[in-house]
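Encoded as structure tokens, the structure appears first; notes follow it.
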Amino acid sequence: MKLNKFKEYFMQGVFFLAACVSILAVAIICYFLFEGGLPAILKIGPLKFLGGQVWRPNNDMYGIFPMIVGSLYVTAGALLFGVPIGILTSVFMAMYCPKVLYRPLKTAIELLAGIPSVVYGFFGLVVLVPAIRSIGRTLGLGGNGNSILTASLLLGMMILPTIIGVTESAIRAVPSYYYEGALALGATHERAIFRTVLPAAKSGVVAGVVLGVGRAIGETMAVIMVAGNQPRLPNGLLRGIRTLTANIVLEMGYATDLHREALIATGVVLFVFILLINVSVSLLNRRDKNA
Amino acid sequence: MLKKYKGHPGSLVVMLLVVGAALITFTVLLFLVAYVLIKGVPHLRPSLFSLYYTSENVSLMPALINTVLMTLLSLVIAVPIGVFSAIFLVEYAKKGNRFIGLIRLTTETLTGIPSIIYGLFGMLFFVTTCGFGFSLLAGALTLAIMILPLVMKTTEEALKSVPDSFREGSFGLGAGKLRTVFKVVLPSAIPGILAGIILATGRIVGETAALIYTAGTVAKVPTSVMESGRTLAVHMYNLSSEGLHMDQAYATAVVLLALVLGINTLSGFVAKKLTKV
């Protein structure tokens, strides 16, 4: 009997410890990233690091401003393509889709979410890059296909499943009498959806978009394969660009000393961006629950 | 069908936009999968599956074996921790506890962290500080942290969906808490947990950024967990960034896509089983 009681307490302790692992993980991730990156930021100078426009590790010049701009450009581009198509597709899935088609289409969207980013990147490399290159040539705009536009298109594809998934469940969570009431007042199907249902689902839609932003800004491999990766401020949509994520992967292999620390510091900047996005998502969710 | 839009041109336009957007989404997916398959399948030669990688045959077999090893190792680390912490959250913790809030906050944070940050952390902590070097173990530990929130979340949902009457019945027959959890609650939650594990497998198979600087890129099967080895996704990245073996890269993409498709179908199948019960 006593042994049993001991076993109960022991296992309860084990469960408790397991639950602590995720807290511990976040703590050591924060600690090691900041410990690895902050000294470099201080050594280079925060303003010079964040605002410097030249990244030339050989000459000890570490300005990541072009990369910050690069990450923001491709993310904004991805939203431009991904958000309208994503939201409209989720409206289709929730309000238009014939019953027979629903299962296969839902599976297709899940597959879209499951495709590894290298495969997306490869697709971008062999299909989108040549296509954009020839469009650029025929229009006389130049560029070799590795560009902001290509990366934005590809990322737009990649954030679709995130946006569709979250938005669709937000639309489905709106009580059906919103829609029925609008119809009863003489609205068409479309008017009912876009004037009553979608506004009611607004916070869910926004959460989906913000999650999409998180995915786009953190994406690495696909972007590296299509964006050209030149660490300078771009002067056109068809010019290449380097993102924060790409900077880390491209140079970490051979970097030493301050260069290496500067790359870790690049990761810190990215991490802070992501934390801000996370916080805003959880704030959105909380407000949703209170309302 | 178009008759009901008579006198509502605006609604007609909106309807066309909605259908058009859906068409774009599904055409893009279909095009991507079809393109990779059509271009890749003809390049699937037996030499691609020979046991040893040389620059001659560019075999993907070692990478495939590494992927299986990496998946198993990461799951062995992450699944017990994930399942146990879900048990704590659902069965033991008191509701509204501050500590629970902290766990939720940290798991949400872990979910949002991009894989390159995991890779960076894994390199700093497991590779350098712990001294594992570029190794299977460092890669698997990094991935284990990455999939932990996924395993926790799905297990939690599965445990919550077990009706309370099961627990009450078990207590009524005189079983203790621990016995109730392991003999009654956990067995009925298994399909849900399994579906989560399969999803996690999908993430591991497709992962690249978190592995390049933790597990390294050596193209052979390691003899111990302390040696470096590239998984299929890393292999694929190396091939396409070198640009020398595009045919093999197409073929590798086919294998990777087939793996992901298989994993997706399996998880759907398991989930369907779950809803039937």
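Every number in this text was worked out from the coordinates using simple rules, so none of it is lab data. Because the structure is a prediction, the values reported are computed rather than measured. Cβ: placed from backbone, ideal geometry, glycine included. Neighbour counts: every protein chain shown.
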Checklist entry - Dimensions of the protein assembly as shown along principal axes (Cα, Å, largest first)? => result 78, 73, 55
Item to check | Residue-averaged [θ]222 nm for chain B, counting only DSSP H segments that reach four residues, each worth -39500 (n - 2.57) | outcome: -22500 deg cm²/dmol
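Less than 14 Å Cβ to Cβ from B:E156, Lys/Arg counted +1 and Asp/Glu -1: what total charge do the surrounding residues give?
Numbers: positive: B:K95, B:R104, B:K153, B:K160; negative: B:E91, B:E108, B:E157.
So the environment of B:E156 carries a net charge of +1.
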Next on the checklist: So, R0 is 22 Å and r is the distance between the beta-carbons of B:K160 and A:L3; what FRET efficiency does that work out to, to 0.05?
Outcome noted: 0.10
Next on the checklist: If I build a Gaussian network model for chain A, linking alpha-carbon pairs within less than 10 angstrom, which residue out of A:V166, A:V118, A:V205 has the largest mean-square fluctuation?
Outcome noted: A:V118
Checklist entry - What is the projected area of the convex hull of the Cα atoms of region B:49-276, averaged over all directions, in nm²? => result 14.3
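Would you mind classifying region A:5-144 by shape? Square roots of the alpha carbon gyration tensor eigenvalues, ordered a ≥ b ≥ c; an a/c under 1.5 is rounded, otherwise it is prolate if a/b is larger than b/c and oblate if not. Intermediate results must be reported in sequence, preceding the final value.
Values: a/c = 2.86, a/b = 1.09, b/c = 2.63.
Judged from the Cα gyration tensor, region A:5-144 comes out oblate (a/c at least 1.5, b/c at or above a/b).
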Checklist outcome for this item: Ranked by GNM mean-square fluctuation in chain A (Cα springs under 10 Å), the top entry among A:T266, A:T256, A:T243 is A:T256
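What does the extension gain come out to for B:R98 and B:V13, with contour length at 0.36 nm per residue minus their alpha carbon separation?
Details: separation 85, 0.36 × 85 = 30.60 nm, distance 5.07 nm.
Taking 0.36 nm per residue and subtracting the Cα distance, the gain is 25.5 nm.
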Checklist entry - Are any of the pairs A:K7/B:K160; A:K7/B:K272; A:K5/B:K273; A:K202/B:K6; A:K202/B:K95 more than 26 Å apart by Cα-Cα distance, and if so, which? => result A:K7/B:K272; A:K5/B:K273; A:K202/B:K6; A:K202/B:K95
Checklist entry - Over the alpha carbons of region B:159-240, what is the largest minus smallest coordinate on each principal axis, giving the biggest first in Å? => result 60, 25, 16
Item to check | region A:234-291 shape via C-alpha gyration tensor axes, a/c threshold 1.5 | outcome: oblate
Checklist entry - Using the reciprocal of the averaged 1/r over all distinct C-alpha pairs, how large is the Kirkwood radius of region A:157-291 in Å? => result 17.8
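Using helices alone, what [θ] at 222 nm do you get for chain A, with -39,500 (n - 2.57) per DSSP H run of 4 or more residues, divided over all residues and rounded to the nearest 500? Don't skip to the end; give the middle numbers.
Working: 13 runs with 213 residues, N = 291.
Helix-only estimate at 222 nm: -24500 deg cm²/dmol.
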Next on the checklist: I want to verify the translational diffusion coefficient of chain A in µm²/s; compute it with Stokes-Einstein, Rh as the Kirkwood radius over Cα pairs, at 37 °C and 0.692 mPa s.
Outcome noted: 150
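Can you tell me the order of A:62-69, B:143-150 when each peptide is scored by its average per-residue count of other Cβ atoms within 10 angstrom, highest first?
Working: A:62-69: 21.2, B:143-150: 25.2.
Put in order of decreasing packing, that is B:143-150, A:62-69.
Could you compute the FRET efficiency for A:L233 and B:K4, with r as their C-beta to C-beta distance and R0 at 45 Å, rounded to 0.05?
Values: r = 52 Å, r/R0 = 1.16.
FRET efficiency, A:L233 to B:K4: 0.30.
State the three equivalent ellipsoid semi-axes of region B:2-43, derived from the C-alpha gyration tensor as the square roots of 5 times its eigenvalues, in descending order and whole Å.
Numbers: eigenvalues 277, 11, 4 Å².
They are 37, 8, 4 Å, listed from largest to smallest.
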Item to check | Cα Rg, Dmax (largest Cα-Cα span) when computed across region B:137-187, Å | outcome: 15.2, 46
Item to check | Estimated translational D of region B:58-130 in µm²/s (Stokes, Kirkwood radius over Cα pairs; 10 °C; 1.306 mPa s) | outcome: 105
Checklist entry - Which of B:P114, B:P62, B:P46 moves most in a GNM of chain B, Cα contacts under 10 Å? => result B:P46
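For chain A, which DSSP H helices look membrane-span-like by this rule: Cα extent along the axis of 18 Å or more and mean Kyte-Doolittle of at least 1.0? Before the final figure, lay out the partial values.
On the way: long enough: A:2-44 (62 Å, 1.27); A:65-91 (38 Å, 1.76); A:99-114 (23 Å, 0.48); A:148-172 (35 Å, 1.56); A:202-218 (24 Å, 1.28); A:257-290 (49 Å, 0.76).
Long hydrophobic helices here: A:2-44, A:65-91, A:148-172, A:202-218.
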Next on the checklist: Roughly how far apart, in whole Å, are the Cα centres of region B:210-277 and region A:244-281?
Outcome noted: 25
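What does the net charge come to around A:I44 if you take all other residues with beta carbon closer than 12 Å to its beta carbon, with K and R at +1 and D and E at -1? Let's see the in-between values first.
Details: positive: A:K43, A:K48; negative: A:D60, A:E261.
Surrounding charge for A:I44 is 0.
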Item to check | Mean projected area in nm² (Cα convex hull; one quarter of hull surface) for region A:55-208 | outcome: 12.9
Checklist outcome for this item: Rounded to whole angstroms and listed largest first, the alpha-carbon spread of region B:201-274 along its three principal axes comes to 42, 32, 20
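Can you list which of the DSSP-assigned H helices in chain B have a Cα extent of 27 Å or more along the long axis and an average Kyte-Doolittle score of at least -1.0?
Numbers: long enough: B:9-40 (45 Å, 2.23); B:61-87 (38 Å, 2.06); B:136-160 (34 Å, 1.28); B:186-206 (30 Å, 1.56); B:246-276 (45 Å, 0.99).
Going by DSSP H runs, the hits are B:9-40, B:61-87, B:136-160, B:186-206, B:246-276.
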